[in-house]
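These notes concern the structure reproduced below.
Read the figures in this text as sums done on the coordinates, not as results from a lab. Since this is a predicted model, take the numbers as computed values, not measurements. Cβ placement follows ideal geometry from the backbone for every residue including glycine, while neighbour counts extend to all protein chains displayed.
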Amino acid sequence: MERKTSRTKAAVPVHLYGMPARLKEIARAGVPVLEDAGQAHGSDAKWGRCGSFGVAGAFSFYPTKNLGAYGDGGMIVTSDAGIAKRSRLLRNYGQHENFSSEILGQNSRLDELQAAVLRVKLRTLDDWNRRRREIARMYREAFDGLPLAMQAETGTSNYHLFVITTAERDKLRAHLASLDIPTLVHYPIPVHRQRAFREFNPGRCPNADSLCARVLSLPIHAFLSNGEAERVIDGVRSFFKR
């Protein structure tokens with residue numbers, strides 16, 4: 001929060017890849033904290049479960065999330081009555097009563113089918129997260145000592161993604177592809193270089209530029225077998241020992 005100015009109205013920390021952000025440090029800035037918990041279903045830190053610390057938090061139910069619907073969806077959580085009331089208005093055309101819009105809103109209601117799917121899947125979220133953590137622990141132990149970096153553990157992540165960084169990202173990715181091991185890049189273009197934000201004259205963000213050139217997401221999900229995880233480990237280790 002070194003960049004805080006008189007115009008700063010809130011902080012929106014992201015629990016990136018499911019790893020809890022350092023919210024207590026951020027809260028010292030003295031502005032409301034709005035948590036982006038879109039990837040952090042079930043992640044924990046010393047201050048509590050992700051989404052429970054700030055004045056409000058937002059979760060995504062996109063199908064690929066740890067708790068995903070069969071279509072698009074999301075949820076806002078808050079203990080602030082004012083935020084709750086306004087959120088309900090915004091999600092339903094700005095209406096408190098049918099056919100009477102108090103503010104400009106939109107149709108962002110979660111339909112009953114998606115809610116039913118999520119209700120069933122919620123029962124197994126902790127078990128699915130536990131399995132992801134087991135795989136992440138296998139990776140961390142196997143990659144210790146290799147010339148790559150792994151995300152700092154600032155809490156108990158749900159490991160929505162397992163991301164490493166290496167200066168040889170593209171070569172490693174090609175090597176793994178040759179072994180039929182899929183990988184992804186989250187994310188290739190930082191926000192400040194997105195065309196949509198050029199009008200705001202974003203400043204230089206060298207750390208974001210550097211990370212986007214080096215991050216690589218390895219396979220991880222609740223149904224990945226130990227054997228499949230070992231294939232990933234062997235593939236990564238064979239690249240650095242070539």
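To the nearest 500 deg cm²/dmol, what mean residue ellipticity at 222 nm is calculated for the chain from DSSP H runs of n ≥ 4 alone, each contributing -39,500 (n - 2.57), summed and divided by the residues?
About -10000 deg cm²/dmol.
With springs only between Cα atoms under 10 Å, which of Pro63, Pro188, Pro202 fluctuates most in a Gaussian network model of the chain?
Looking only at Pro63, Pro188, Pro202, the biggest GNM fluctuation is shown by Pro202.
On full extension of the chain, what length is gained from Ala196 through Leu125, given 0.36 nm per residue of separation minus the C-alpha to C-alpha distance?
Working: separation 71, 0.36 × 71 = 25.56 nm, distance 3.48 nm.
Length difference between fully extended and current span is 22.1 nm.
Quick one: helix 125-143 against the long Cα principal axis of the chain, what's the angle to the nearest 10°, folded into 0 to 90?
Here the helix axis deviates by roughly 40 degrees.
Residues in the range 47-64 near a label at Lys85, defined as backbone nitrogen under 20 Å from the 7 Å Cα→Cβ point?
Backbone N within reach: 55-57.
Once both labels are modelled 7 Å past Cα along the beta-carbon direction, what's the Leu110-Ala213 spacing in nm?
Result: 4.1 nm between the two label points.
Exposed loop GluC sites (Glu not before Pro) only (DSSP loop, at most 11 other Cβ atoms within 10 Å): please give the longest stretch of the chain free of them, not including the sites.
3-152
Kindly provide the Kirkwood hydrodynamic radius of the range 16-122 in Å, to one decimal, from all pairs of distinct alpha carbon atoms.
Radius from the Kirkwood sum: 15.1 Å.
For a distance above 17 Å, tell me the whole-number percent of Cα pairs in the range 125-240 that qualify.
Tail of the P(r) past 17 Å holds 59 percent of the pairs.
Can you quote the Å³ per residue value for the convex hull of the Cα atoms in the chain, rounded to an integer?
165 Å³
Using only the alpha carbons, work out the radius of gyration and Dmax of the range 17-65 in angstrom.
Computed over the Cα atoms of the range 17-65, radius of gyration and Dmax are 10.8, 35 Å.
For each pair in Lys46/Lys121; Lys9/Lys121; Lys4/Lys65; Lys24/Lys241, compute the distance between the two Cα atoms and list the pairs where it is over 30 Å.
Lys9/Lys121; Lys4/Lys65; Lys24/Lys241
Within the chain, what is the longest stretch that has no chymotrypsin sites (Phe, Trp or Tyr not before Pro) placed in a DSSP loop and near at most 16 other beta-carbon atoms within 10 Å?
Working: sites that count: Trp47, Tyr70, Phe99, Phe223.
Looking at the chain, 100-222 is the longest stretch - no exposed chymotrypsin sites (Phe, Trp or Tyr not before Pro) with at most 16 other Cβ atoms within 10 Å.
Filter the trypsin sites (Lys or Arg not before Pro) in the range 68-141 down to the DSSP loop ones having no more than 10 other Cβ atoms within 10 Å, then list what survives.
Here the trypsin sites (Lys or Arg not before Pro) that fit, given the DSSP loop and packing criteria, are Arg123.
Which of the trypsin sites (Lys or Arg not before Pro) found in the range 163-213 are loop residues per DSSP with 14 or fewer other Cβ atoms within 10 Å of their Cβ? Walk me through the numbers before you get to the answer.
Working: sites: Arg169, Lys171, Arg173, Arg193, Arg195, Arg198, Arg204; in loops: Arg204.
In loop regions of the range 163-213 (DSSP not H, G, I, E or B), the sparsely surrounded trypsin sites (Lys or Arg not before Pro) are Arg204.
Spelling out what I want: for every residue of the range 203-213, take phi, set θ = phi - 60°, compute 6.51 cos²θ - 1.76 cosθ + 1.60 (Karplus), and round to whole Hz; glycine and proline get x.
Karplus-based 3J(HN,Hα) across the range 203-213 equals x, 6, 9, x, 5, 5, 4, 5, 5, 5, 8 Hz.
Going by alpha carbons, how many degrees (0 to 90, nearest 10) lie between the helix axis of 169-178 and the longest principal axis of the chain?
Helix 169-178 sits roughly 70 degrees off the main axis of the chain.
For the range 16-122, calculate the relative contact order in percent as a whole number, restricting contacts to Cα pairs under 8 Å that are 6 or more residues apart.
Computed value for the range 16-122: 17 percent relative contact order.
Which loop-located trypsin sites (Lys or Arg not before Pro) does the range 30-77 contain, where loop means any DSSP state but H, G, I, E or B and the Cβ has at most 12 other Cβ atoms within 10 Å?
Lys46
In percent, how large is the relative contact order of the chain, given Cα pairs closer than 8 Å and 6 or more residues apart?
Relative contact order of the chain: 17 percent.
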